[in-house]
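**Student:** There's a structure below that I have some questions on.
The values are calculated or read from the model by the stated rules, or taken from the named source; none is laboratory data. Note that the structure is predicted; figures quoted are calculated from it, not measured. Every residue, glycine as well, gets a Cβ built from its backbone with ideal geometry; the counts of neighbours run over all protein chains shown. Heavy atoms of the whole protein, side chains included, go into the accessibility calculation; ligands, DNA and RNA do not. Shrake-Rupley method; radii C 1.70, N 1.55, O 1.52, S 1.80 Å.
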Amino acid sequence: MFEEKETGRTQEFVLRWSSDGGSSFREIVRQQWNFSPEAIREVEEYQVELSNVTVLELAIVPNTSGGSARASLQSLRLF
C-alpha cells in the first residue's frame, strides 16, 4: 500500500526477484500511480509462485518527473 496526502506526483515501483544472489533479476511487476487530492492511496495485490529466490527487490521512484519527493510505501506484506 502506498499513500501520499500532501503532494500530487507520479510514483513508479518495480518489484523483481533473483535466484542467483542478485547477478540477474526478473521483473514481477512495474506500476505507476498518479497521486492527487482525489487519489491519495494505491493498494496493489499480486500472487506469484517463485522458487529458489535469493533476493527480492523493491525499487521506488518517488517522482517520475524528477522533483523532490519521498517514496510513500505504507506497508508491504509477503506470504
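**Student:** Quick one: is Thr7 surrounded by 10 or more Cβ atoms within 10 Å (Cβ to Cβ), in contact (Cβ under 8 Å) with a residue 60 or more places away in the chain and among the hydroxyl-bearing types (Ser, Thr, Tyr)?
**Tutor:** Details: surrounded by 10 or more Cβ atoms within 10 Å (Cβ to Cβ): yes; in contact (Cβ under 8 Å) with a residue 60 or more places away in the chain: yes; among the hydroxyl-bearing types (Ser, Thr, Tyr): yes.
Against the criterion (surrounded by 10 or more Cβ atoms within 10 Å (Cβ to Cβ), in contact (Cβ under 8 Å) with a residue 60 or more places away in the chain and among the hydroxyl-bearing types (Ser, Thr, Tyr)), Thr7 qualifies.
**Student:** Taking Met1 as meeting all but one of (1) more than 12 Å from the chain's Cα centre (by Cα); (2) at pLDDT 90 or above, write down the number of the exception.
**Tutor:** (1)
**Student:** With (1) open to solvent by 100 Å² or more (accessible area, probe 1.4 Å); (2) assigned to a loop (DSSP other than H, G, I, E, B); (3) modelled with pLDDT of 95 or more as the list, and Arg30 as the residue in question, which single condition is left unmet?
**Tutor:** Among (1) open to solvent by 100 Å² or more (accessible area, probe 1.4 Å); (2) assigned to a loop (DSSP other than H, G, I, E, B); (3) modelled with pLDDT of 95 or more, Arg30 violates only (2).
**Student:** Kindly evaluate Gly67 against the criterion of being modelled with pLDDT of 95 or more, open to solvent by less than 70 Å² (accessible area, probe 1.4 Å), assigned to a loop (DSSP other than H, G, I, E, B) and not aliphatic (A, V, I, L, M).
**Tutor:** When the stated conditions are applied, Gly67 does not pass them.
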